[in-house]
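Read through the structure below, which is laid out as structure tokens, and then see the notes.
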């Protein structure tokens, strides 16, 4: 809180916790003025809504209804881990999706069957993923679970652990960006989080 010298006028510099929306994932936990959170429905909708911490230290209204989990799955919805092809890299199970998703949607997809976005914590894991992907899919962009959405300019995995990019050739600014693995160069690169790429999950 910032106050005038006489202490009479005080202005909040941070918002309280961003509101929660039922059946929505909330990405972003900064609360300073101008920060934003992104809401993405978990089921039945691809809508994304942004709420910003306003100058009066309140969050901008969010008009978003997210439907509850379906009682039956649509044929195109994949939530069964057995429907993905799993393989081992350094004794960790990974799967590469057949369908392209935005980074936000990829996070939900991996969580939908009890997994999570892949954490590429070593060069050997990156090489293993790249080799497997190129052999099967003939493409070279894979979303992994690193972004700076929860901490501006600092890369973190979706688990909250810091993502160390040393050795992965990352040279671009990562502010407000998500990370994909370039399977041709074996390097991490940045892109807008709403771009469609195939996704790596792990469990």
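Quick look at the values:
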item: Subset tally (residues that are crowded, with 21+ Cβ neighbours inside 10 Å and modelled with pLDDT under 85) for region 150-173; result: 0
item: Subset of region 174-185 that is at pLDDT 85 or above and assigned to a loop (DSSP other than H, G, I, E, B) - its residue that is surrounded by the most Cβ atoms within 10 Å (Cβ to Cβ); result: 183
item: Unmet criterion (only one of (1) at pLDDT 90 or above; (2) part of a strand (DSSP E or B)) for residue 128; result: (2)
item: Qualifying residue in region 25-38 (condition: surrounded by fewer than 14 Cβ atoms within 10 Å (Cβ to Cβ), in contact with a helix residue (DSSP H, G or I) (Cβ under 8 Å, 6 or more places away or on another chain), closer than 22 Å to residue 179 by Cβ and modelled with pLDDT under 85); result: no
item: Near pairs, Cβ below 9 angstrom, 6+ apart or cross-chain, from region 101-114 (assigned to a loop (DSSP other than H, G, I, E, B)) to any residue that is crowded, with 18+ Cβ neighbours inside 10 Å and modelled with pLDDT of 90 or more; result: 102/143; 102/178; 102/197; 113/201
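The values are calculated or read from the model by the stated rules, or taken from the named source; none is laboratory data. None of the values given here were measured: they were computed from a predicted structure. Every residue, glycine among them, receives a Cβ derived from its backbone with ideal geometry; neighbour counts consider all protein chains shown.
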